[in-house]
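Peer 1: To start, I am sharing the structure in question, which I have written as structure tokens.
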Amino acid sequence: MSEKVLMKGNEALAESAMRAGCRFFFGYPITPQTELAAYMSKNMHKVGGVYLQAESEISAINMVYGASAAGARVMTSSSSPGISLKSEGISYMAGADLPGVIVNVQRGGPGLGSIQPSQSDYWQATRAMGHGDFHVIVYAPSTVQEMADYIYEAFDVADKYRTPVMILADGMLGQMMEPVVLPEPKTSLPEKPWACDGHKNAREHNIANSLYLTAEDLNRLNFERFERYETIKQNEQRADLYLVDDADIVLVAFGASARIAKSAVNAARAIGIKAGLIRPITLWPFPCDCIKQASLHAKAFLCVEMNMGQMVDDVRLCVAGSKPVSFFGRTGGVIPAPLEVLDCIKSLNEGGR
Amino acid sequence: MAEEKVMFDRPHALLPIVTNYCPGCTHGIVNRLVAEVIDELGIEGRCVGVAPVGCSVMAYKFFGCDMAEAAHGRAPAVATGLKRTHPENIVFSYQGDGDLASIGMAETVHAASRGEKITVIFINNAIYGMTGGQMAPTSLPNQITQTSPYGRDVITAGYPIRVCEMLSTLDGVAYLERVCVDSPRNVRKAKAAIKKAFTYQSESRGYTLVEVVSTCPTNWGMTPQKAFEWMRENMLPYYPLGVYKDVVAEGFENAAEAALKRAEACPMVNVQKEA
């Protein structure tokens with residue numbers, strides 16, 4: 001039985017990744033993911049792994065591509081501007097069906113932005129993690145415990161579907177300390193017969209590649225990959241529902257902002273307003289089913305995000321115009337206050353009378 | 001009946017696939033030399049190659065060993081990932097001048113300075129071939145290309161980069177040689193260089209690169225023979241053939257030992273790490 005320890009979110013990500021069998025880390029310094037790389041540099045060699053500081057984010061993600069092609073459990077981590085640089089490599093990984101885990105400890109944007117927490121890379125993570133038709137699976141933990149839990153799962157999911165997987169955290173979750181129970185180290189990892197690890201004169205050569213110059217081939221391959229995405233949508237949607245069953249006002253929030261939204265829901269219940277919270281844990285695939293279900297009884301939805309309104313698009317797509325969907329957000333490192341959110345809940349509740 | 005003996009055959013590490021190279025292009029020769037070396041060293045089963053973006057983009061189909069196709073310029077980073085995961089494997093990248101010396105210069109310099117135990121085969125033909133003949137980082141001053149139609153003006157477009165000379169300053173490098181393949185004699189020398197590079201890698205001596213000064217008859221607008229003449233006349237004076245670094249010839253076991261010697265006056269460098 002693992003004991004409970006006090007850890008920073010970034011460190012929990014690192015430790016849990018190693019316990020998931022990750023033995024290769026390639027990164028480049030950036031705030032606020034700093035502790036993750038520092039933890040890896042200190043500890044990866046103790047489990048026989050490789051920590052390597054690359055010359056750039058671009059190089060780091062391409063080292064991930066190479067190690068993944070060679071069959072390794074491999075990851076990189078960065079924060080928003082660095083993730084933009086990695087997007088080329090992530091697209092190539094998706095195109096070559098290579099698994100790997102990418103952590104984004106988000107900070108304010110656009111541009112150099114700020115180094116404070118933000119959720120403004122939601123669109124990037126779920127819509128356009130690089131050029132071309134593809135998705136990455138995106139987990140949005142909201143506690144240090146979930147940082148550990150979902151990165152541990154992310155490696156399995158990445159290997160299972162042969163796809164890059166992203167942990168979309170933020171500077172608040174990365175920097176805060178909370179008690180966490182770490183998972184047991186994995187003892188067996190999946191076979192990778194497709195890996196470019198030397199054919200040992202025993203098989204045809206394996207190729208890691210995303211180039212298909214024949215239009216029909218690429219067309220077919222993209223359709224096949226999207227069939228796999230349909231399976232992922234069916235199997236991997238995750239959400240946490242809090243007081244949703246009888247809720248009139250359903251809040252939708254992920255990651256750090258879900259913690260604030262939950263406080264606001266409790267405050268609303270205390271004054272007799274039937275509020276609830278849907279907290280998407282996977283942002284892609286988006287947990288549409290439970291939002292559709294809630295739209296049958298909810299009077300209104302309220303999205304709370306640390307951005308200018310990004311996930312709210314997905315909520316509106318799920319609700320499909322059947323109920324009003326409002327948005328409350330703060331950006332640039334400003335954290336929404338529970339009372340601000342409560343005011344929104346109150347006015348929605350009054351509007352519904 | 002007289003006994004028949006095979007005198008010349010396709011190397012095993014080169015698959016029987018029609019290449020996409022233009023007639024007269026030197027890529028075919030260099031592909032073959034790499035494959036011959038892989039055969040002779042008996043390493044195909046533990047060899048992994050990295051193809052670039054450029055004319056040799058399809059090289060992942062041509063070589064019989066495992067292959068990864070990299071994004072433009074990123075081959076050294078991909079090779080790093082492949083090699084670090086399986087240090088027992090022999091990893092090479094095959095890159096052109098645009099890929100290696102322009103978009104991929106950061107990856108090139110840092111893989112070399114880390115002393116990644118990989119082998120880079122660098123084809124320098126002073127032009128972007130696949131995209132139709134644009135100015136490359138190695139295009140010569142006054143060279144006419146699609147994007148330097150009045151000749152490369154060094155005042156505005158800057159100077160060509162001499163890759164071997166530049167990399168020779170880096171401590172992680174074990175071996176650098178510039179060769180060409182315009183004659184049987186030079187082809188043999190090129191093969192010896194490639195073989196030495198692969199051998200040094202298998203002996204974990206450090207980063208190795210062989211630059212092959214090449215031609216592009218199609219985009220230079222010349223016959224293959226004329227292209228070789230132009231190469232000899234203009235490129236070789238700018239990019240002289242020869243060995244630019246060989247730590248073994250300098251009397252060292254490997255790049256690390258040579259680096260230590262070079263920095264011996266620096267006390268920090270000589271700090272003994274605890275086991």
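The values are calculated or read from the model by the stated rules, or taken from the named source; none is laboratory data. Because the structure is predicted, anything quoted here is derived from the model rather than measured. A quick note on method: Cβ atoms are made from the backbone with ideal geometry, for glycine too, and the neighbour counts reach across all protein chains shown.
Peer 1: Taking B:Thr156 as the residue in question, decide whether it is of a type in the set (Val, Ile, Thr), over 30 Å from B:Val269 (Cα atoms), in contact with a helix residue (DSSP H, G or I) (Cβ under 9 Å, 6 or more places away or on another chain) and surrounded by fewer than 24 Cβ atoms within 10 Å (Cβ to Cβ).
Peer 2: Numbers: of a type in the set (Val, Ile, Thr): yes; over 30 Å from B:Val269 (Cα atoms): yes; in contact with a helix residue (DSSP H, G or I) (Cβ under 9 Å, 6 or more places away or on another chain): no; surrounded by fewer than 24 Cβ atoms within 10 Å (Cβ to Cβ): yes.
Here the answer is no, as B:Thr156 does not meet what is asked.
Peer 1: Does the range A:89-144 hold any residues that are within 14 Å of another protein chain (Cβ to nearest Cβ), within 18 Å of the chain's Cα centre (by Cα), in a helix (DSSP H, G or I) and farther than 16 Å from A:Val157 by Cβ, and which are they?
Peer 2: Listed by number, the residues that qualify are A:Gly89, A:Ser91.
Peer 1: Which count do you get for residues in the range B:35-59 that are crowded, with 24+ Cβ neighbours inside 10 Å and facing chain A (nearest Cβ under 7 Å)?
Peer 2: Here the count works out to 2.
Peer 1: Let me ask something else. Going by the conditions given, is B:Arg162 over 22 Å from B:Gly49 (Cβ atoms), crowded, with 18+ Cβ neighbours inside 10 Å and basic (Lys, Arg)? Quick ask: steps written out before the conclusion?
Peer 2: Working: over 22 Å from B:Gly49 (Cβ atoms): yes; crowded, with 18+ Cβ neighbours inside 10 Å: yes; basic (Lys, Arg): yes.
When the stated conditions are applied, B:Arg162 passes them.
Peer 1: Under the condition of being assigned to a loop (DSSP other than H, G, I, E, B) and more than 7 Å from chain A (Cβ to nearest Cβ), which residue from the range B:63-85 is surrounded by the most Cβ atoms within 10 Å (Cβ to Cβ)?
Peer 2: Result: B:Gly73.
Peer 1: Can you tell which of A:Ala70, A:Ala60 is in contact (Cβ under 8 Å) with a residue 40 or more places away in the chain, touching a strand residue (DSSP E or B) at 6+ places or on another chain (Cβ under 9 Å), within 10 Å of chain B (Cβ to nearest Cβ) and buried (at least 24 other Cβ atoms within 10 Å of the Cβ)? Give the derivation first.
Peer 2: On the way: A:Ala60 fails: in contact (Cβ under 8 Å) with a residue 40 or more places away in the chain.
After ruling out the rest, the residue left standing is A:Ala70.
Peer 1: Also: Starting from residues that are β-branched (Val, Ile, Thr) and in a loop (DSSP other than H, G, I, E, B), keep the ones in the range A:206-244 and report whichever is surrounded by the fewest Cβ atoms within 10 Å (Cβ to Cβ). Show your work before the answer.
Peer 2: Taking the range A:206-244 first, the residues β-branched (Val, Ile, Thr) are A:207, A:214, A:231-232, A:244.
Imposing the further condition that a residue be in a loop (DSSP other than H, G, I, E, B) reduces the set to A:214, A:244.
Working: A:Thr214: 8, A:Val244: 23.
Checking each candidate, the answer is A:Thr214.
Peer 1: While we're here: Would a scan of the range A:245-263 turn up a residue that is closer than 17 Å to A:Val136 by Cα and either hydroxyl-bearing (Ser, Thr, Tyr) or not in a loop (DSSP other than H, G, I, E, B) (or both)?
Peer 2: No, there is no match, as no residue in the range A:245-263 is closer than 17 Å to A:Val136 by Cα and either hydroxyl-bearing (Ser, Thr, Tyr) or not in a loop (DSSP other than H, G, I, E, B) (or both).
Peer 1: Which of the following residues is within 13 Å of chain B (Cβ to nearest Cβ) and surrounded by fewer than 20 Cβ atoms within 10 Å (Cβ to Cβ): A:Tyr28, A:Tyr65, A:Tyr51?
Peer 2: Working: A:Tyr28 fails: surrounded by fewer than 20 Cβ atoms within 10 Å (Cβ to Cβ); A:Tyr65 fails: surrounded by fewer than 20 Cβ atoms within 10 Å (Cβ to Cβ).
Only one candidate qualifies: A:Tyr51.
Peer 1: Which of the residues spanning the range A:295-319 are more than 24 Å from the chain's Cα centre (by Cα) and touching a residue at least 12 places away in the same chain (Cβ under 8 Å)? Can you show your working first?
Peer 2: At the first step, the residues of the range A:295-319 found to be more than 24 Å from the chain's Cα centre (by Cα) are A:295-300.
Hits for the range A:295-319 are A:Ser295, A:His297, A:Ala298, A:Lys299, A:Ala300.
Peer 1: Under 7 Å by Cβ, and 6 or more places apart or on different chains, what pairs join a residue from the range B:86-111 that is part of a loop (DSSP other than H, G, I, E, B) with one that is of a type in the set (Gly, Ala, Ser)?
Peer 2: So the pair list comes out as B:His86/A:Ala70; B:His86/A:Gly198; B:Asn89/A:Gly198; B:Gly104/B:Gly73; B:Gly104/B:Ala75.
Peer 1: Could you check, for the range B:152-164, whether at least one of its residues is in contact with a strand residue (DSSP E or B) (Cβ under 9 Å, 6 or more places away or on another chain), at pLDDT 95 or above, under 30 Å from B:Arg84 (Cα atoms) and not in a loop (DSSP other than H, G, I, E, B)?
Peer 2: Taking every residue of the range B:152-164 in turn, at least one turns out to be in contact with a strand residue (DSSP E or B) (Cβ under 9 Å, 6 or more places away or on another chain), at pLDDT 95 or above, under 30 Å from B:Arg84 (Cα atoms) and not in a loop (DSSP other than H, G, I, E, B).
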